[in-house]
Structure formats: structure tokens, C-alpha cells
Number of protein chains: 2
Amino acid sequence: MTDRYAREALKTLAQDMLSKGGLAADKAEVVAELLVRTDELGVTTHGLSMVPYYLPELASGNMTRDGVHEVVSDRGATLVWDGNYLPGHWIMQQALEVCMDRARELGVVCLSIRRSHHIGCLSTLTRIAAAQGLICMISTSDPSGRWVAPFGGTDAVLTPNPWAVGYPAADHPVLIDTCASITTVSKVREHINSGTQFAHPWMLDAQGNATTDPTVVNQTPKGTILPVGGADHGHKGYAMALTVEMLTQALSGHGRSEDVTRWGGNVFLQIMDPAAFAGADPFVREVEALNAACRASRPAPGFDAVRIPGDRAARMLDRSRTEGIALPDEVWTRVRAAAETLGVALPSAL
Amino acid sequence: MTDRYAREALKTLAQDMLSKGGLAADKAEVVAELLVRTDELGVTTHGLSMVPYYLPELASGNMTRDGVHEVVSDRGATLVWDGNYLPGHWIMQQALEVCMDRARELGVVCLSIRRSHHIGCLSTLTRIAAAQGLICMISTSDPSGRWVAPFGGTDAVLTPNPWAVGYPAADHPVLIDTCASITTVSKVREHINSGTQFAHPWMLDAQGNATTDPTVVNQTPKGTILPVGGADHGHKGYAMALTVEMLTQALSGHGRSEDVTRWGGNVFLQIMDPAAFAGADPFVREVEALNAACRASRPAPGFDAVRIPGDRAARMLDRSRTEGIALPDEVWTRVRAAAETLGVALPSAL
């Protein structure tokens, strides 16, 4: 079952929980706002459901509770920040503000960030810039993470390496949000918890054989998640993974050379202003022409229609705004348990 | 069989053929140089073997024989050029010169180009910047091309949409050169010509069923090439394809809204200077740490070792420089036929 909740009630709940968990007030406000926006888009795996994961990180000090990021370098159109393991949502809100302003002036801005904490749902972030007419590209990696083997190998080296692109269109932004591996660590854990196999061979066992079995990551020696393209053409996902790690780790000057063991989010953010290229109107005209051609493509067996990334988020957002924000039972159960432990009052469903 | 030829002899041959074909002298020199560099890297599908394809394009006027590109907009860090269907190699050489200079000053430069002709092997181009310590990203599409259906659809809308990234490492640059579809139009034609099936279902028939049959693209209604990820997780390749078309068509203000029928190359070029981020040395240090970890990953069944993209090109280049440039017989046969028609003298093999 899925109940719906008022936006302000959910934001207050998240904010109170994070504050009680030790996060500075200004940061708790920003993180709560972005988590609620994520639930509004229907990405309930990355919304309020993250709070129970952030609380122990705040308690242990793995997520820094207060302070600011360090500006490592600033050349105007290019920047490097050290996030000092502050909440990624807060870092990214600062990053978007700085880079959106500069992109309007310079046309393009690139920021590589080391040592952020978890930045949450990438589409929530790219949407902020895309809704204001800008192109926003974000990729992220964790230099301590090893889940994906390089193509042709069996030992895990890479993270799934998510990447996202948001850009303006006529009605609502296009929101691409994907990664360099076929599936994610969260999905692997879900399948392990539910005792189910993947429908396709998306994993690799420690001997290098493709398999549908998610538990290979818990075995010794450890199996891995296959890169996009799988055993068939995984050199394509490997190429994406190397690119993401280069942008997030090599450009930020912090990565696997340091044998990092603390979980951290390295981030590459690029914002461009279509007005600084051929113009905002031609940009949207071409995006819409392509989107229309894609939507007009006759559906393949098993599909109702061709979708443009961001279509579902736009529908979910409309519904969230009129009917309240839907949270699945399993999310609410976890959030409620954490709230009760902290002594934070829970809102009622609508 | 594969004979080897002297570099200067091949360059003179290509230059003479292109000049006799009508291309202005300065452009013939640049195109010939880049084609030879491509053969030097071992990418003989995109080197001198292209000349017999370019000659009819010059004859018909589809490839412009002389003139310059138009600067549509120039904001310093962002530019738009109209290539006027000039040879893509020449346009890209101009583009690299301008953008490498500016990247050293500004840290990042982005150029979107409309209406170039064929730009050849992307790694040949990215390598120029990467060998000088810069990060070079190139993607390209043809707004008149329809070979790949959007994921979930059956009608072709997209081109294979190649993308490449070159960046510095310790010994030789990393050269990623891939595309958003599982295979390319050239490979499909090769399989049709040789009467062979693909080893895996990389195609989609007009009814939307995955198939190994390359001839579906010649049937009516027409089949398509599957995006990266295939029938299984092709939404990932579709995401890449949308991104490439956005960067090359929407940003350049020329695309599918115009119902383009003339073959053309739209291009997005981005150059970044690691020195404008965390520094050139930390950049290479992290690239090398990642590369070393990948190479140390135990090979999977069927693989000798994990490779870093660019390893093979570096080996081929070394060998080309010491032993001459290898051209496979089938390439030489086509080049010789075209040279004889033009009355251009052929060099002997080494």
C-alpha cells in the first residue's frame, strides 16, 4: 500500500530527524527539501527513505555535521571543491547555485568535487538547472567502492558510476539518469533480500562467468556487477565507467591512488547555457523534434509507447503537487522506526 | 595479406588523390595527414580507405571543396560553427587548434558544429589533444541518419551516435572511442556483404524482435540497430544517444526539425585542461592508479588480460613508426582502383 502525505509535513519530518541526528540546521533544511523533491518525482528509493541511512552516518561522523566545503581551485569556468564529507545534497545545492550563475555568464562551467557525502537522486539535481533552461550533467563515483570489474576482468575495481543529464524541452525537462553498470548496488541488495534472481545475467561470478545470481557479491572470492552491455558488449559500459572515474577522481585530484577506505562521493558537475551556443529557442526546437520522432516510433512488443526520460517524473510531480506525495509502505515503515527512535513526531497520511 | 608502406608515400598518395578529386590544396594536406595518422593507429577502416568514399562526395559537391566554416557564435568558452559540409578532418583540425589554445587559458571550451562532412576516426582527433596533456571529448551525429530505434520502439530515429574521450596518462593517452548503439552501420554492411549473421542479437527487425540478421536494415519495413544494452537494457544506450543528439544537434541549432536529407556530421567538441582543475600531476596519478587496478584484475575466461582503451593504438603506432604503416589487402585494392582511375601514381610496399 502507498499513502500520500503533505509536502510540508514530510519536509518538516525529514528536517527534524536530520537535526536531531546532529546535522546543522541550515544543512538539514536543504537536505530535507531535496529529499522531498525526490519523493515528489516518484523516486522513493532516494527520498525520505535515505534519512534512516544518513542518521548512522551522522552519528559516526562519516557524514560531517557542519562546516563548509573547501575551494581547492577556482579558475572561473573550472573549479575543484573538497566536500569534507558534508551532506551531498547541501554541497550540490551550493554547487548548482555557483555554476548556474556562472554558466549564464560564461556559457559553460565545470566543477569536480572530492569527498562529498551521498548526493542522492541525480535527476532531482539536474532538474533544478534544466527547469531554468540550462543543460546539467552530473556524474559520481566512490573511490572506496569496488563493485564492477573492468571488461575482460573478474576482480571488482569500479563503482557503478551513475551519470545524469537534464536539459530543457517544451513541457518539462528531459531527465536522463543512468549508470555505467547494468544494475546498481541497491538493486543487487534488493534481490538478495528478496531471495530473487535477476531476469538476465547481469552479474559476474568470481570465476568470470555471467550469472543471474545477486549473491555472488557476498561470496569469497567476490563476484561483481557487469558493466552496461554485459558479457556481450560490456566494453561500452567499461568505457563509460572509465570516463566517469576520470571526471570525478582524476580531475578532482582524489581517487584510488590513495587506497581510500571511507565511503565518499566524488562528483563532476557541468552546466551549459544553450543561449551561449545557437540559442535557447533552436535548442528546444531540436529537442522537441527528436522527442516527437522518438514518441512516434511504433512500440516494440511489450511496450505501450516510447518514453522520453523525464516523462514519468513529470507525471509524478504533477500528481504529488495535487494529491500529496506518495510513500510506499516499506519506506514509511523504515522512516517511522527511525523517527520513533529519535522521538520525532510523525505526520498523518492525507 | 597486409603490406607496409612508408608514411610519406601514403600521405602523398592520399593528398594527390584528394587534390585530383577537386579538394583545395590546404584541405587535401590536412585530410591526408589525419587519414595517415588513423592508419598509423591501426584503424584501417577509417584511414586511407576513406578516400574512395570521399572522392564521389567531392565530385557531387556533397563534400565542399574549398572555403571556410562560418562562426555562428563565439562567447569565448562556447562556440558554434557551421561547417558548410567542408571535410570534417579539416574542420576538426581548426576546431582543435582553437579549442586547445582556449582550454589552456579558460580551463574548458565547448564547440558545437553543424553541417560538417565526415570527421573520420574520433581517436585520431582526441589523441591530438590528449598527447598534449588535455582532456578531449568528441561526439557526433548525422541529423539525416535513421538507423537506431529509441528503446521500446521499432522505427529508426537515431544515428549510432559515436562518442570518444581521450585523456593523458603516463605512457600514452587513454583513447575511448565507442558509440550509443551496439554495432555500427559499417559493421552491419560488412556482415551483409559477407553474408554472415552477428554472433548476438544486435539488430531489431521491423516488428521489434531482436535478431542476429544484419539484412533487416535492407527490408521493407526497415529493421534497426539496437542501442547499447540491446533488448535487455537498451534504455542505457538510448540515454547515450539522446545525449549525443542534444549536444551535437540542439546545441548547434541544426537537426531533425529541418527534415534534413543531406548526409552531414554534427559534432560536439569539449576540451578541458587538468591544470585548471586539481593539476596535471594528480590527474595522471589517479588515471594511472585506476589503469593499474584494471590491468591487475584477473582475466575472465576468453581474455588474456584487461586492456585500457588506447593500449592497442599505442602498440600499433610504435610499430607503424618503426616498420611502416600496414594496410590490409582489401583496403589497398580499393585505394589502388581509385588512384588508377585518377591517374595518380602508387607507391610500392616496403
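Computed from the coordinates by the stated procedures, all read-outs in this text should not be read as laboratory data. None of these values were measured; they are calculated from a predicted model. Positions of Cβ are backbone-derived with ideal geometry, glycine not excepted, and every protein chain shown enters the neighbour counts.
If you run the Gaussian network model on chain B, springs between alpha carbon atoms under 10 Å, then out of B:Thr154, B:Thr196, B:Thr215 the most flexible one is B:Thr196. Would you work out if the range B:191-232 is rounded, prolate or oblate? Take a ≥ b ≥ c from the square roots of the eigenvalues of the alpha-carbon gyration tensor; rounded if a/c is under 1.5, else prolate when a/b is larger than b/c, oblate otherwise. It comes out oblate by the Cα gyration axes. Comparing Cα centroids, the range A:158-203 and the range A:1-54 end up 22 angstrom apart. Note that the range B:281-294 has calculated 3J(HN,Hα) couplings of 5, x, 4, 5, 4, 6, 4, 5, 5, 5, 4, 5, 5, 5 Hz, one per residue in order, obtained from phi through the Karplus relation 6.51 cos²θ - 1.76 cosθ + 1.60 (θ = phi - 60°); glycine and proline are x.
Taking square-rooted eigenvalues a ≥ b ≥ c of the alpha carbon gyration tensor, is the protein assembly as shown rounded, prolate or oblate, where a/c under 1.5 means rounded and, failing that, a/b exceeding b/c means prolate? Before the final figure, lay out each step's value.
On the way: a/c = 1.70, a/b = 1.67, b/c = 1.01.
In terms of gyration-tensor shape, prolate.
Return the single residue from B:Ala14, B:Ala180, B:Ala292 with maximal mean-square fluctuation; model: Gaussian network over chain B, springs between Cα atoms under 10 Å. Top of the fluctuation ranking is B:Ala292. I need to check one value: relative contact order of the range A:183-225, counting alpha carbon pairs closer than 8 Å and at least 6 residues apart, in percent. Over the range A:183-225, the number comes to 35 percent.
Quick one: grab the alpha carbon gyration tensor of chain B, order the square roots of its eigenvalues as a ≥ b ≥ c, and give me rounded if a/c is under 1.5, else prolate or oblate depending on whether a/b is larger than b/c. Rounded, since a/c falls under 1.5. When the Gaussian network model of chain B links Cα atoms closer than 10 Å, the mean-square fluctuations of B:Gly302, B:Gly265, B:Gly67 top out at B:Gly302.
3J(HN,Hα) along the range A:331-341, derived from phi through the Karplus expression 6.51 cos²θ - 1.76 cosθ + 1.60 where θ = phi - 60°, amounts to 5, 4, 4, 5, 5, 4, 4, 5, 5, 5, 4 Hz, with x in place of Gly and Pro.
To the nearest 20 debye, what charge dipole does the protein assembly as shown have about its Cα centre, counting +1 at the Cβ of each Lys and Arg and -1 at the Cβ of each Asp and Glu? Working shown, then result.
Working: 60 positive and 76 negative charges, 112 e Å.
Using only the charged Cβ atoms, the result is roughly 540 debye.
Between copies, the label points at A:Arg295 (set 7 angstrom from Cα along Cα-to-Cβ) are spaced 5.0 nm, reported in nanometres from shortest to longest. For A:Arg315, the distances from its label point to the matching points in the remaining copies are 5.0 nm, ordered from shortest, with each point set 7 Å beyond Cα toward Cβ.
Rounded to the nearest 500, what is the protein assembly as shown's calculated 222 nm mean residue ellipticity when only DSSP H runs of at least 4 contribute -39500 (n - 2.57) each, over all residues?
On the way: 22 runs with 273 residues, N = 700.
Computed ellipticity for the protein assembly as shown at 222 nm equals -12000 deg cm²/dmol.
Sequence-distant contacts, meaning Cα pairs under 8 Å at least 6 residues apart, place the relative contact order of the range A:100-201 at 22 percent.
Plainly put, the tip 7 Å out from Cα toward Cβ on A:Gly343 is 9.9 nm from that tip on each other copy, the closest given first.
Considering only Cα-Cα distances, which of the following residue pairs are longer than 30 Å: B:Lys187/B:Lys236; A:Lys187/A:Lys236; A:Lys20/B:Lys236?
On the way: B:Lys187/B:Lys236 21 Å; A:Lys187/A:Lys236 21 Å; A:Lys20/B:Lys236 39 Å.
From B:Lys187/B:Lys236; A:Lys187/A:Lys236; A:Lys20/B:Lys236, over 30 Å: A:Lys20/B:Lys236.
For the range B:79-119 and the range A:210-243, what is the separation of their C-alpha centers, rounded to whole Å? The distance from the Cα centre of the range B:79-119 to that of the range A:210-243 comes to 36 Å. Within the straight-line cut-off of under 16 Å between alpha carbons, the aspartates and glutamates reachable from A:Lys222 are A:Asp155, A:Asp205, A:Asp213, sequence neighbours fewer than 8 places apart in one chain being disregarded. Tell me which lysines have Cα within less than 26 Å of B:Lys27's Cα, excluding those fewer than 8 residues away on the same chain? The qualifying lysines are B:Lys11.
When A:Met137, A:Met316, A:Met1 are arranged by Cβ crowding within 10 Å, least crowded first, meaning fewest neighbours, the order is A:Met1, A:Met316, A:Met137. FRET efficiency for the B:Arg295 to B:Ala131 pair, using the beta carbon distance and R₀ = 30 Å, is estimated at 0.90. Residue order for B:Lys27, B:Lys11, B:Lys222, fewest other beta carbons within 10 angstrom first, comes to B:Lys222, B:Lys11, B:Lys27.
Given Cα pairs under 8 Å that are at least 6 residues apart, what percent is the relative contact order of chain A? Spell out each step's value before the answer.
Numbers: 732 pairs, mean separation 82.0, N = 350.
23 percent.
Couplings for the range A:36-53, taken from phi via the Karplus curve 6.51 cos²θ - 1.76 cosθ + 1.60 with θ = phi - 60°, read 5, 4, 5, 5, 4, 7, x, 8, 6, 5, 10, x, 3, 4, 6, 4, x, 7 Hz in order; Gly and Pro are left as x.
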